[in-house]
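*Asks:* One structure is given below, represented as structure tokens, and several questions about it will come after.
The values are calculated or read from the model by the stated rules, or taken from the named source; none is laboratory data. In this text the structure is predicted, and so the values were computed from the model without any measurement. Neighbour counts are summed over all protein chains in view; Cβ atoms, including those assigned to glycine, are modelled from backbone coordinates with ideal geometry.
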Amino acid sequence: MMTVKTRKQGNSLMITVPAKFKIAENVEFTPVMEDDGTLSFIPTHQNIFSQYPDYDFKKALKTMNLADNGEVVGKENVW
């Protein structure tokens, strides 16, 4: 089992990511701390529709005659 150690940088604590994980530089993560103290770093995904706030996806599906029953079928990120 590999271990890492926190170190202080300015007002923050840093945890290094081992190179063998092959995480690219400047990748953004959202940190989450569970009630039991477990830390998770979830990759931050950009909303591809944010640049088009008035885009109506459901209307577009209807226009293209594509069905959507609204049920989750895989690993959709449903919020």
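*Asks:* Can you list the strands (runs of 3 or more DSSP E) found entirely within the chain that contain at least 2 residues being loosely packed, with under 10 Cβ neighbours inside 10 Å and either basic (K, R) or out of contact with any strand residue (DSSP E or B) (no Cβ under 9 Å at 6 or more places or on another chain) (or both)?
*Replies:* 6-9
*Asks:* Another one. Using beta carbons and a limit of 9 Å, which pairs, at least six apart or on different chains, have the first residue in segment 8-19 and at negative phi and the second one among the charged types (D, E, K, R) and surrounded by 10 or more Cβ atoms within 10 Å (Cβ to Cβ)?
*Replies:* L13/R7; M14/R7; I15/R7; T16/R7
A quick yes/no check of all residues on (1) over 30 Å from E71 (Cβ atoms); (2) modelled with pLDDT of 90 or more:
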{"residue": "V4", "(1), (2)": "yes, yes"}
{"residue": "I15", "(1), (2)": "yes, yes"}
{"residue": "A19", "(1), (2)": "yes, yes"}
{"residue": "E25", "(1), (2)": "yes, yes"}
{"residue": "M33", "(1), (2)": "yes, yes"}
{"residue": "D36", "(1), (2)": "yes, yes"}
{"residue": "I42", "(1), (2)": "no, yes"}
{"residue": "F49", "(1), (2)": "no, no"}
{"residue": "K58", "(1), (2)": "no, no"}
